[in-house]
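S.K.: Shown below is the structure under consideration.
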Amino acid sequence: MLMDIDIKKLQCAMASKCYNASDLALYSKLSNATITRIFKKGSVGSLPTLGKIAKALDVKPIELLKDEA
C-alpha cells in the first residue's frame, strides 16, 4: 500500500531537526536508498517505514502525508 508523502512537509520537519537526508536515514534506521526513493517517488510503501520516519522527526505520521483533496 503506497502512501503519498508531502515532500514539503517532510522537508520542513527535517529542517526543524536540522537533518539532511543522511541524518534522516541514520535516525530512522532506514537505508539512504530508501530515503532517496521516498524523495524521488513522493510515497512510502509501508506503515513501519512511515512510522520510523515520523518517530525520527518527532511528528505524527499523519503530519507527513499529503492532504486528501
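S.K.: Seen from all sides and averaged, what is the projected area of the convex hull of the Cα atoms in the chain, in nm²?
M.R.: About 4.1 nm², averaged over all directions.
S.K.: What's the lysine pair count for the chain at a Cα cut-off below 14 Å, pairs eight or more apart or interchain?
M.R.: Summing the qualifying lysine pairs gives 11.
S.K.: Might you tell me the accessible area per residue for the range 7-69, computed with a 1.4 Å probe and given in Å²?
M.R.: Per residue, the range 7-69 has 66 Å² of solvent-accessible surface.
S.K.: Follow-up question, since we're still on this one. By accessible area of protein heavy atoms, probe 1.4 Å, what ranking do CYS12, CYS18 get, highest first?
M.R.: Descending accessible area places them as CYS18, CYS12.
S.K.: Something else about it: How far apart, in nm, are the 7 Å Cα→Cβ label points at PHE39 and LYS66?
M.R.: Going from the PHE39 label point to the LYS66 one covers 1.9 nm.
S.K.: Let me ask something else. Do any trypsin sites (Lys or Arg not before Pro) in the range 16-69 lie in a DSSP loop with no more than 12 other beta carbon atoms within 10 Å, and if so, which?
M.R.: Those satisfying the criteria are LYS29.
S.K.: So, with a 1.4 angstrom probe, what is the percent of accessible area on the chain that is carbon and sulfur?
M.R.: Looking at the chain in its full context, I get 56 percent from C and S.
S.K.: Separate question: Spin-label point model (7 Å from Cα, Cβ direction): what's the ALA15 to LEU2 distance in nm?
M.R.: Result: 2.7 nm between the two label points.
The values are calculated or read from the model by the stated rules, or taken from the named source; none is laboratory data. Here the structure is a predicted model, which is why all the values come from computation and not from measurement. Glycine also receives a Cβ, built like all others from the backbone with ideal geometry; neighbour counts cover every protein chain displayed. Ligands, DNA and RNA are stripped out before the accessible areas are found, and what is left, the full protein with its side chains, is counted by its heavy atoms. Shrake-Rupley method; radii C 1.70, N 1.55, O 1.52, S 1.80 Å.
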